[in-house]
1. Out of VAL219, VAL184, report the one residue that is modelled with pLDDT of 95 or more, farther than 21 Å from VAL235 by Cβ, under 27 Å from the mean Cα position of the chain (by Cα) and not in a loop (DSSP other than H, G, I, E, B).
2. Taking the residues in the range 342-361 that are closer than 28 Å to VAL526 by Cβ and among the polar types (S, T, N, Q) as candidates, determine which candidate is surrounded by the fewest Cβ atoms within 10 Å (Cβ to Cβ).
3. Sort out which residues of the range 192-209 are part of a loop (DSSP other than H, G, I, E, B) and surrounded by fewer than 16 Cβ atoms within 10 Å (Cβ to Cβ), and write them in order of number.
4. Output the helices (runs of 4 or more DSSP H) that fall wholly within the range 280-365 and possess 2 or more residues being assigned by TED's automatic domain parsing to the domain that holds VAL486, in contact with a Phe, Trp or Tyr (Cβ under 8 Å, 6 or more places away or on another chain) and among the small types (Gly, Ala, Ser), or say none.
5. Go through the range 220-258 and report how many residues are more than 23 Å from ASP202 (Cβ to Cβ), in contact with a helix residue (DSSP H, G or I) (Cβ under 8 Å, 6 or more places away or on another chain) and not acidic (Asp, Glu).
6. In the range 392-406, which residue that is crowded, with 16+ Cβ neighbours inside 10 Å and assigned to a loop (DSSP other than H, G, I, E, B) is farthest from the chain's Cα centre (by Cα)?
7. Is it fair to say PHE414 is surrounded by fewer than 19 Cβ atoms within 10 Å (Cβ to Cβ) and either assigned by TED's automatic domain parsing to the domain that holds MET529 or of a type in the set (A, V, I, L, M) (or both)?
8. Output the residues belonging to the range 83-112 that are part of a helix (DSSP H, G or I) and either touching a strand residue (DSSP E or B) at 6+ places or on another chain (Cβ under 6 Å) or buried (at least 20 other Cβ atoms within 10 Å of the Cβ) (or both).
Amino acid sequence: MRRIWVVIAVALLVLAVIRLTQLSDAVPSETVPVVLVDGNEETTEDPVLNAYRSILQEEGIASVTHPLRRLMELEPEEAVHAYPSLIFAEGATRRYPKTVLSWITRYIAQGGHILFVYDSGTLHSDGTYHWKALWATLVGVNYYRYDELRDEALTRGVLRFPSDKAAASLHWPSAKLDTDRYVVGYHYGRLRYPMSVAVVEDERVEVLLHGVTEQGDTVPVVTRRRGTDLGRGFVVWANLPLGALKGDSDDLIARAVLRMFLLDSAETVHISPTPKGIGGLVINWHVDASMEWENLPIAMKEGWMLPELKSSIHITAGEFCDEPDDGKGFDACGVGRPLAEKLMEYGTLGSHGGWGHNWYASHLDPNEIGDFTNEDMEKYILMNNECLASVAGYPIREYSAPNGVHPQPDKTLFLEREGVVAYYYPGDGGATPNRTFLRGEMITPKVVAFPVMPRRIHASLEELHRARVSDAEVEDWMKQLADFAVETRTIRLWYSHPYDIPRYEKATVSFFHHVAELQREGVLTVQPMSEYADYLLRVVDVTQNQTRSDDGSLTVRLSHPKGLRGICLSIPSSRYAVKDTPKATQTEQKDRTILCLDEEMNEATVVLAPR
């Protein structure tokens, strides 16, 4: 009998060792700042998750994708140590049983951060609806009210910030708001978005962005909640399908929420997406036609353009503008060549489309003539590029579309084949440079879109003049744009035409001198878009591994096959001090330590000590 008990005891001991080994294997040795939770579990190629993943890559934030089941193999405290932030994206994370709520609650209590998006947690595992969204109590918002409202539970509406402070907390450019703080788009006015008719149920919820529905209801759209009842963590909820919006050329809102959640609230260490870890500005000149033969020499002589502000100067190179043989083109390889060569002192030459500015745009635009085939489009872009390359002495790597006519994805894929790495883009309005998406798919990982930053529904100085915007308002907008890039450490694009400047001469000169001063102070860079694109494309290819020790220190390992020189790490000053690093330039900003690697190396290790 004793022998049987001995056998049982040994068997139990073996099982215990096996279980402990399994648990030990389940605890990751590395720390990953954020997990994209995949509720589908069959594949990680969900288009919505791919959109989130792209933003995280461009923001230099390391991430992985795991099903919740895998995370729950860890104790909540272990999960927080390994994965301090979770994103429950829309669509992919709708189906969960109530049994997961306990683990999620404990994860937050241990200091975990969670972003719940749109319809996450609204379904049981079998596809039937929860009576109330699973995360509603944690979020503090009842965001699924079908039992009460039926078909009116989901609607559309416009977005409005409750205050300037709330807009700043989401890194939102004031130029994308009207006078009543409603979100607007270039040419479109107030933009409409899908949202649920949600209601705040906890007074501790901070509403950063409201929606005003078509029925006139004011609903929460972006909320943040933390408090003693949650423990050491916090919760953010977004009442918008962020990934789906990003997947169809609306990058700004998704990136704004992710930056607030991960960089500000969660204080994540990441690779800076901007050179030197500071703000950047692209000054993009569109040189359309022969009228610039007169304007450009004046602009250079009178200081309307400054050589120290290295711009992206895009030229339509042909000898005609509206119709063949009209003689109104810039003629970059003929009469206009000396002027094109002079422009090289002010920045990098790029292509402004297909040989004849208005002619090309009208033949490409389906709302006008629209009879160009892809072969026609490619033919005239090549003519333009080859002419400008012969003037510049280097390949043309930048592009902007005449009149903004940029048919995706055909044009961008052709530009990629021809060596272009950056282009002016009327989509993704007001956003930072990004690898843009359309219909749920990234168009190309090798070419960076530079969305235009409008002033509300206008962008160029000529458009503002036609709208009768005052000199003071225009100057204020332009200076605010530069200051916004500095404040948010992001890159933004300002565009106009040299012939626009006389409309706002004093305002423009004042703006450029303000920008030059910010550049001299070392808080802003002004570079051609291709140089910014080169840096961003390096950032997304950096391999990043983080390991958090028991004493709270964080070791960050970086590697890149083509070298890390100039790559910058952005470190929250309130959490970490730099303890050990290769040769690097270290600067202190108001809330971040920027560490830029100075040496040629393929691998680097930085150790950060907790404060």
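1. Values: VAL219 fails: farther than 21 Å from VAL235 by Cβ.
Unique residue meeting the criteria: VAL184.
2. THR348
3. Here is the first cut: in the range 192-209, the residues part of a loop (DSSP other than H, G, I, E, B) are 197-198, 201-205.
Across the range 192-209, the qualifying residues are GLU201, GLU203, ARG204.
4. Once the helices (runs of 4 or more DSSP H) in the range 280-365 are filtered for at least 2 residues that are assigned by TED's automatic domain parsing to the domain that holds VAL486, in contact with a Phe, Trp or Tyr (Cβ under 8 Å, 6 or more places away or on another chain) and among the small types (Gly, Ala, Ser), nothing remains.
5. Narrowing the range 220-258 to residues more than 23 Å from ASP202 (Cβ to Cβ): 241, 243-256, 258.
If we keep only those that are in contact with a helix residue (DSSP H, G or I) (Cβ under 8 Å, 6 or more places away or on another chain) as well, we get 241, 243-247, 251-255, 258.
Remaining after also requiring not acidic (Asp, Glu): 241, 243-247, 252-255, 258.
Residues flagged as more than 23 Å from ASP202 (Cβ to Cβ), in contact with a helix residue (DSSP H, G or I) (Cβ under 8 Å, 6 or more places away or on another chain) and not acidic (Asp, Glu) within the range 220-258 amount to 11.
6. Start the filter on the range 392-406 by keeping residues that are crowded, with 16+ Cβ neighbours inside 10 Å, which leaves 392, 396-406.
Of the ones still in play, those that are also assigned to a loop (DSSP other than H, G, I, E, B) are 396-397, 400-401, 405-406.
Values: ILE396: 25, ARG397: 22, SER400: 20, ALA401: 21, VAL405: 22, HIS406: 20 Å.
Residue satisfying both the conditions and the ranking: ILE396.
7. Details: surrounded by fewer than 19 Cβ atoms within 10 Å (Cβ to Cβ): yes; either assigned by TED's automatic domain parsing to the domain that holds MET529 or of a type in the set (A, V, I, L, M) (or both): yes.
Criteria met by PHE414.
8. Filtering the range 83-112 down to residues part of a helix (DSSP H, G or I) leaves 98-109.
Listed by number, the residues that qualify are ILE104, TYR107, ILE108.
The values are calculated or read from the model by the stated rules, or taken from the named source; none is laboratory data. Since the structure is predicted, the reported quantities are computational estimates derived from the model, not experimental observations. Virtual Cβ from ideal backbone geometry, glycine too; neighbours counted across all protein chains shown.
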